[in-house]
Amino acid sequence: MAINTDFHSHVSYSSAYEMAQTARERGLRTLGLSEHIFQMRETRPLLKHMPTEGPLLTFASYVEQVQAAARDLQFDVRLGLEVDFIPDKNAEIQDALQSYPWDFLIGSVHEIDGTLFERNPRWTHEQGEEFWLRYFKLLREAVTSGYFSLISHPVRMRICNPYLPPTLDEELEQVAAEAARCDVALEINGFDVAHYPDLVRRLARACALQRTPISVSSDAHRPREIAQSHVPSETILHEAGISTVRIWRQRQAEEYAIEGVAG
């Protein structure tokens, strides 16, 4: 694979060691682990409305688990966290993160004004379009917040909402333009590529047009999902004319070329 990193994956159903071991076996050179913030005991009271995924962790135990995997496997594992962007809770959430040596923080929108949209709410066509527009507004706010290295799965609303607004491409371009202005990456997400690749293509075209930094991930929750959809993601990037992928160390951006794809 031309893309040899994966910067969005989770440990709650397995372990940092198992995830990193699989990444190494699959020929990756770097794995970014990014457990959900709602899986952390310290921030669970703020996010108790979110469904849990496996046992809860503490920040300290999570950091140690990731660092131990890197040390024991002699493999490049970066420490990240997937952090929900919720306007009335952002300050408290961010305060809880300050003492830890994050390599990167992912900003995610999983809810719209209290509605967890991945839990299959039923909407009319008009309501569905309105939720898409509200989703894009929150994504732009997450981009400009200054909290995050990247914004995850910018078309994830499609998982349960087929009512695309007629201005979808313009909305994607606005998000991409803000991300470029703020030097925040947008994510080509492996789950999304597997389930609605045409929407990811539209996202990639918007990012290419706006010269937006791109991150590529599997969004793996289990070892077998590491690097899922990397090959079709490479094709999508090639079609859009995108030839670099962004990763992070100690919150500093790095980029590498994938000339074999878009050269």
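The values are calculated or read from the model by the stated rules, or taken from the named source; none is laboratory data. Remember, predicted model here, so these are calculated numbers, not experimental data. FYI the Cβ positions are ideal-geometry reconstructions off the backbone, even for glycines, and counts take in every protein chain you see. Please note that ligands, DNA and RNA were not included when accessible areas were found on the heavy atoms of the full protein model with its side chains. Shrake-Rupley method; radii C 1.70, N 1.55, O 1.52, S 1.80 Å.
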The whole-number value in µm²/s of the Stokes-Einstein translational diffusion coefficient for segment 219-260, with Rh from the Kirkwood sum over alpha carbon pairs at 20 °C and 1.002 mPa s, is 180 µm²/s
Expressed in µm² per second, the diffusion coefficient of the chain from the Stokes-Einstein equation, with Rh the Kirkwood radius over alpha carbon pairs, at 37 °C and 0.692 mPa s, is 179 µm²/s
Yeah, segment 87-213 with a ≥ b ≥ c from its alpha-carbon gyration tensor (a/c under 1.5 is rounded, else prolate when a/b outruns b/c, oblate otherwise) is oblate
Rg from C-alpha atoms of segment 1-56, normalised by the globular rule of thumb 2.2 N^0.38 Å, equals 1.32
For segment 129-186, Rg(Cα) over 2.2 N^0.38 Å is 1.07
Heads up, segment 33-77 by the C-alpha gyration tensor (a ≥ b ≥ c square roots of eigenvalues; a/c under 1.5 rounded, else a/b over b/c prolate, else oblate) looks prolate
Counting Lys and Arg as +1 and Asp and Glu as -1 over every other residue whose Cβ sits under 12 Å from the Cβ of Arg24, the net charge comes to -3
Packing-ranked peptide list from 29-42, 238-251, highest mean Cβ count within 10 angstrom first, is 29-42, 238-251
Taking only the alpha carbons of segment 1-97, the radius of gyration and the largest Cα-Cα distance, Dmax, both in angstrom, are 14.1, 42
Once normalised by the length of the chain, the mean sequence separation of its alpha carbon contacts under 8 Å that are 6 or more apart gives a contact order in percent of 21 percent
Expressed per residue, the solvent accessible area of segment 181-260 in Å² (1.4 Å probe) is about 44 Å²
Here segment 161-244 gives, from Cα atoms, an Rg and Dmax in Å of 12.7, 38
Whole-Å distance linking the alpha carbon centroid of segment 197-263 with that of segment 69-123 is 19 Å
Within the under-12-Å Cβ sphere about Ile242, not counting Ile242, Lys/Arg +1 and Asp/Glu -1 give a net charge of 0
Once Lys and Arg are counted +1 and Asp and Glu -1 for all other residues with Cβ under 15 Å from that of Asp113, the total becomes -2
